[in-house]
Each structure stands twice: as structure tokens, then as C-alpha cells.
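**Q** Structure in C-alpha cells, see below.
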Amino acid sequence: MSAYLLDVPELYRRLDVRRQQGLTWRDLAALVDVSPSTFSRLADGKRPDADALVSLLVWLDLDDGLSYVIKPKETDHA
């Protein structure tokens, strides 16, 4: 068992504060590159998957100290 837990309501609150700067939840999902259902799950108090969590933390600029385990997603340049 982990000694730390993700504070899902606080993460959702921080996302909502930033989202209220003119974005819909769907806009934010596209911007952060996560599924729109991620925000529904967060609103219900459920944890996001690991990759979605990393994307959200980076977007919120809360990833300090985690950069050594986070790498950008590779994209196709075809």
C-alpha cells in the first residue's frame, strides 16, 4: 500500500479553475490530449490513469521533481 494518495477533488478543483478561463471540458481534453471522460471520472472522485495524470500535472505545471520519469509522447511525423 502506498503512503501517498492522489487528492482527486483537489486535482479536479485546480483543473476547473484553469478551465474557467474560457475552455469547455471537451476543449481542455483536446488541449491536454486526454479523453473527455477523464474529467467525468475525476468529477465522480475516481482516479485518472497514469498517463492522463501525468498529462494533467504537466498542463497544470505541477510536475516539478517528476521530470526524470516523464517523457513526451512520441508522435508520427509521416
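The values are calculated or read from the model by the stated rules, or taken from the named source; none is laboratory data. Bear in mind the structure is a predicted one, so any value in this text is a computation, not a measurement. What goes into the accessible areas is simple: the full protein's heavy atoms, side chains included, and nothing from ligands, DNA or RNA. Shrake-Rupley method; radii C 1.70, N 1.55, O 1.52, S 1.80 Å.
**Q** How many percent of Cα pairs in the chain exceed 14 Å?
**A** Tail of P(r) above 14 Å: 65 percent of Cα pairs.
**Q** Per residue, what accessible area does region 13-68 have, given a 1.4 Å probe and all protein chains present, in Å²? Can you show the working numbers first?
**A** Values: 3640 Å² over 56 residues.
Per residue, region 13-68 has an accessible area of 65 Å².
**Q** I've got another one for you. On the accessible surface of the chain, probed at 1.4 Å, how many percent belong to carbon and sulfur atoms?
**A** Summing carbon and sulfur atoms, their accessible area is 53 percent of the total for the chain.
**Q** Another question about this same structure. Could you work out the helix-only [θ] at 222 nm for the chain, with each DSSP H run of four or more residues adding -39,500 (n - 2.57) and the total divided by the number of residues, to the nearest 500 deg cm²/dmol?
**A** -13500 deg cm²/dmol
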